[in-house]
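The values are calculated or read from the model by the stated rules, or taken from the named source; none is laboratory data. Note that the structure is a prediction, hence the values are computed from the model and not measured. Every residue, glycine as well, gets a Cβ built from its backbone with ideal geometry; the counts of neighbours run over all protein chains shown. Just the protein is used for accessible areas: all its heavy atoms, side chains included, with ligands, DNA and RNA removed. Shrake-Rupley method; radii C 1.70, N 1.55, O 1.52, S 1.80 Å.
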Amino acid sequence: EPEVTQTPSHQVTQMGQEVILRCVPISNHLYFYWYRQILGQKVEFLVSFYNNEISEKSEIFDDQFSVERPDGSNFTLKIRSTKLEDSAMYFCASSRRADPNQPQHFGDGTRLSIL
Amino acid sequence: TQLLEQSPQFLSIQEGENLTVYCNSSSVFSSLQWYRQEPGEGPVLLVTVVTGGEVKKLKRLTFQFGDARKDSSLHITAAQPGDTGLYLCATRPSDTGKLIFGQGTTLQVKP
């Protein structure tokens, strides 16, 4: 069964450095999402992306964050200048459509640790 | 913003026992999804419920959507150690693609 893949599985970065998290969504999916889960807290929506542009973003997704689909397969999340509080699991998800009944398929996440 | 409250937060039971976990909201759900998340992995969709009063079964798991579509429950019959994990409910507001998650119920089933 096709799946969403994320790399790396664990990223350790110094505070203030830039980090890029990578995702390969399921090939025939059109909608892409990033979520994060701080340890012990709920999964939080960051951003949704469709037709090469952001369709919705949360308050968490400030100017330090950006997303890109540089080619036909990858979907990336960039954090420009990382802060300690950016430490979390980051999950990429994709779906064929955006309606409420369509499942989102999640990758296994990237654990981001900011030192 | 719609808030989802899940209870209990933690549940530790013996193999063979039955259990129920709950997901509640002050607002009406357009639809509700239940996910299961294991350590080191992403959430995996178990079921989507859409219609008030709907009941769906997945082997030993029974999902119920409240008549008023403001609450849902997940009942597991004869729990097994393989059921151990974090159970999340989530909803998608009708005009957006984002998922809003509850804080989850951590289930531990001891052999």
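Determine which member of the set B:T106, B:T91 is open to solvent by less than 40 Å² (accessible area, probe 1.4 Å) and either farther than 29 Å from A:N51 by Cβ or of a type in the set (S, T, N, Q) (or both). Can you show your working first?
Numbers: B:T106 fails: open to solvent by less than 40 Å² (accessible area, probe 1.4 Å).
Among B:T106, B:T91, only B:T91 is open to solvent by less than 40 Å² (accessible area, probe 1.4 Å) and either farther than 29 Å from A:N51 by Cβ or of a type in the set (S, T, N, Q) (or both).
What residue, of A:V4, A:V19, A:V24, A:V12, is over 19 Å from A:P103 (Cβ atoms), touching a strand residue (DSSP E or B) at 6+ places or on another chain (Cβ under 6 Å) and open to solvent by less than 60 Å² (accessible area, probe 1.4 Å)?
So the residue among A:V4, A:V19, A:V24, A:V12 that is over 19 Å from A:P103 (Cβ atoms), touching a strand residue (DSSP E or B) at 6+ places or on another chain (Cβ under 6 Å) and open to solvent by less than 60 Å² (accessible area, probe 1.4 Å) is A:V19.
If you go through segment B:74-85, how many residues are open to solvent by 20 Å² or more (accessible area, probe 1.4 Å) and within 11 Å of the chain's Cα centre (by Cα)? Explain how you work it out, then say what you get.
In the first step, residues of segment B:74-85 are kept if they are open to solvent by 20 Å² or more (accessible area, probe 1.4 Å); the result is B:75, B:77-78, B:80-82, B:84.
Restricting the remaining residues to those that are within 11 Å of the chain's Cα centre (by Cα) gives B:75.
Result for segment B:74-85: 1.
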Exercise. Determine which single condition B:L4 fails, assuming it passes every other condition in (1) over 26 Å from A:T5 (Cβ atoms); (2) open to solvent by less than 70 Å² (accessible area, probe 1.4 Å); (3) out of contact with any Cys (no Cβ under 7 Å at 6 or more places or on another chain).
Key: (3)
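Answer with yes or no whether A:G16 is touching a residue at least 40 places away in the same chain (Cβ under 8 Å) and on the phi > 0 side of the Ramachandran plot.
It is true that A:G16 is touching a residue at least 40 places away in the same chain (Cβ under 8 Å) and on the phi > 0 side of the Ramachandran plot.
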Quiz prompt | Scan of segment A:27-76 for residues that are touching a residue at least 24 places away in the same chain (Cβ under 8 Å), open to solvent by 70 Å² or more (accessible area, probe 1.4 Å) and farther than 17 Å from A:S87 by Cα, ordered by number | solution = A:S27, A:N28, A:L30, A:Y50, A:S55
Quiz item: What do you reckon, is A:I114 more than 8 Å from chain B (Cβ to nearest Cβ), crowded, with 16+ Cβ neighbours inside 10 Å, out of contact with any Pro (no Cβ under 8 Å at 6 or more places or on another chain) and not acidic (D, E)?
Solution: yes
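Yes or no: B:T62 at pLDDT below 95, among the β-branched types (V, I, T) and either in contact with a Leu (Cβ under 9 Å, 6 or more places away or on another chain) or open to solvent by less than 60 Å² (accessible area, probe 1.4 Å) (or both)? Explain how you work it out, then say what you get.
Working: at pLDDT below 95: no; among the β-branched types (V, I, T): yes; either in contact with a Leu (Cβ under 9 Å, 6 or more places away or on another chain) or open to solvent by less than 60 Å² (accessible area, probe 1.4 Å) (or both): yes.
Against the criterion (at pLDDT below 95, among the β-branched types (V, I, T) and either in contact with a Leu (Cβ under 9 Å, 6 or more places away or on another chain) or open to solvent by less than 60 Å² (accessible area, probe 1.4 Å) (or both)), B:T62 does not qualify.
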Exercise. Could you check how many residues of segment A:69-96 are under 13 Å from A:R22 (Cβ atoms) and among the basic types (K, R)?
Key: 2
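Residue by residue, here is whether (1) within 14 Å of another protein chain (Cβ to nearest Cβ); (2) over 12 Å from the mean Cα position of the chain (by Cα); (3) farther than 24 Å from A:L39 by Cβ holds:
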| residue | (1), (2), (3) |
| --- | --- |
| B:L11 | no, yes, no |
| B:N18 | no, yes, yes |
| B:S30 | yes, yes, yes |
| B:W34 | yes, no, no |
| B:P43 | yes, no, no |
| B:G52 | no, yes, yes |
| B:K70 | no, yes, yes |
| B:Y87 | yes, no, no |
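Counting only residues that are assigned to a loop (DSSP other than H, G, I, E, B) and more than 14 Å from every other protein chain (Cβ to nearest Cβ), how many does segment A:72-111 have?
Our first condition is that a residue be assigned to a loop (DSSP other than H, G, I, E, B); within segment A:72-111, this holds for A:72-74, A:80-83, A:87, A:96-104, A:107-109.
Subsequent filtering for residues that are more than 14 Å from every other protein chain (Cβ to nearest Cβ) retains A:72-74, A:80-83, A:87.
Residues that pass the stated criteria total 8.
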